[in-house]
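The values are calculated or read from the model by the stated rules, or taken from the named source; none is laboratory data. Treat the numbers as computed from the prediction; the structure is a model and nothing was measured. Here the Cβ positions follow ideal geometry from the backbone for every residue, glycine too, while neighbour counts run over all protein chains shown. Remember, those area values only see protein heavy atoms, side chains included, never the ligands or the DNA or RNA. Shrake-Rupley method; radii C 1.70, N 1.55, O 1.52, S 1.80 Å.
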Amino acid sequence: MTTKTIAALQIGSSPEGKGRTLENILAYESEIAASGASLVVMPEALLGGYPKGEIFGTRLGYRLPEGREAYARYYENAIDVPGPETEALAGLSQRTGASLVVGAIERGGNTLYCTALFFEPAAGLAAKHRKLMPTGTERLIWGQGDGSTLPVIDAAAGRIGGAICWENHMPLLRTAMYAKGVEIWCAPTVDERDIWQCSMRHIAHEGRCFVVSACQVQPSPADLGVDVPGWDAARPLINGGSVIVGPMGDVLAGPLRGKAGLLTAQVDTDELVRARYDFDVVGHYSRPDIFSLTVDERPRPPVRFVS
């Protein structure tokens, strides 16, 4: 059967740290299993946290000591890949029979990366994607990924791949992933805005693929007992908006706002052939005689030892 249940798990990072966040994820095991979901996508930076409003002590031209302390705390709350957290998530994937796509803050030496981790029931940690272009002041705390982490996985639900948050706005990245045959586009995010819903519908319609976007949900600064300058203390820091979209841009489930939960939809990847009949963005609609794209998938380590 080509009809599968796919899901977005809308959940937020716990202010108590990665250990409690992991517990909160694992607490959904029964619900994931009962849903019959063959794919569950989770938000950006879920394990490790998205420190919305934090400036890490940085002003143009100088950095304050308290910012270094804030970064050290953030680094401590990040995860190693592989590590105990990835082992626990691999176990969740195995027990539920669901492929998982999980946003995490990954330690790579002393640099942090915003990463999407791919888990398969039989293989465990199967791949990862490091965000290619952190947005705005995210560049203070996250490094840039390279072309070696652009996976597309043959999963039970279909061929899965995708991009993290505003990477979804990069046309050439989208083109590269379409060319790899993505059938279900996974979009971990923290973007709660209405325009994000437009982007998800556009990508589904452009790529003629299913889209699963999972967004964090975070309480207001008042509820958290913190001060976030320039932010309404009563407004949630992140209000969700997880959504599942069909290949013609039709919303199949969501958007889910203001609360945690598992959002599900049934999809049939056989629909993609029919959807691409009149628009195949990397096929008959691509005009390769005029346009071409080269993707460098080589790892780009900063230091290479040759012996």
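Remarks
- Contact map, the range 73-88: first residue in contact (Cβ under 8 Å) with a residue 60 or more places away in the chain, second residue of a type in the set (Phe, Trp, Tyr), Cβ cut-off under 9 Å, separation 6 or more or different chains; pairs are 74/56; 78/113.
- Of residues in the range 1-18 being within 26 Å of residue 225 (Cβ to Cβ) and hydroxyl-bearing (Ser, Thr, Tyr), the one surrounded by the fewest Cβ atoms within 10 Å (Cβ to Cβ): 14
- Residues located in the range 94-107, provided they are surrounded by fewer than 24 Cβ atoms within 10 Å (Cβ to Cβ) and either polar (S, T, N, Q) or touching a Phe, Trp or Tyr at 6+ places or on another chain (Cβ under 6 Å) (or both): 94, 96
- Output for the range 29-42, where each listed residue is more than 17 Å from residue 86 (Cβ to Cβ) and either out of contact with any helix residue (DSSP H, G or I) (no Cβ under 9 Å at 6 or more places or on another chain) or hydroxyl-bearing (Ser, Thr, Tyr) (or both): 30, 31, 34, 35, 36, 38, 39
- Restricting the range 148-192 to residues that are of a type in the set (Asp, Glu) and out of contact with any Cys (no Cβ under 9 Å at 6 or more places or on another chain), the residue that is nearest to residue 135 (Cα to Cα): 167
- Strands (runs of 3 or more DSSP E) (entirely within the range 1-118) containing at least 1 residues that are under 21 Å from the mean Cα position of the chain (by Cα) and of a type in the set (Lys, Arg): 3-10, 99-108
- Odd one out for residue 118 among (1) buried (at least 20 other Cβ atoms within 10 Å of the Cβ); (2) of a type outside the set (Asp, Glu); (3) modelled with pLDDT under 95: (3)
- Against the test of being open to solvent by 50 Å² or more (accessible area, probe 1.4 Å) and either over 17 Å from residue 4 (Cβ atoms) or in a helix (DSSP H, G or I) (or both), the options 132, 172 yield a single qualifying residue, 172.
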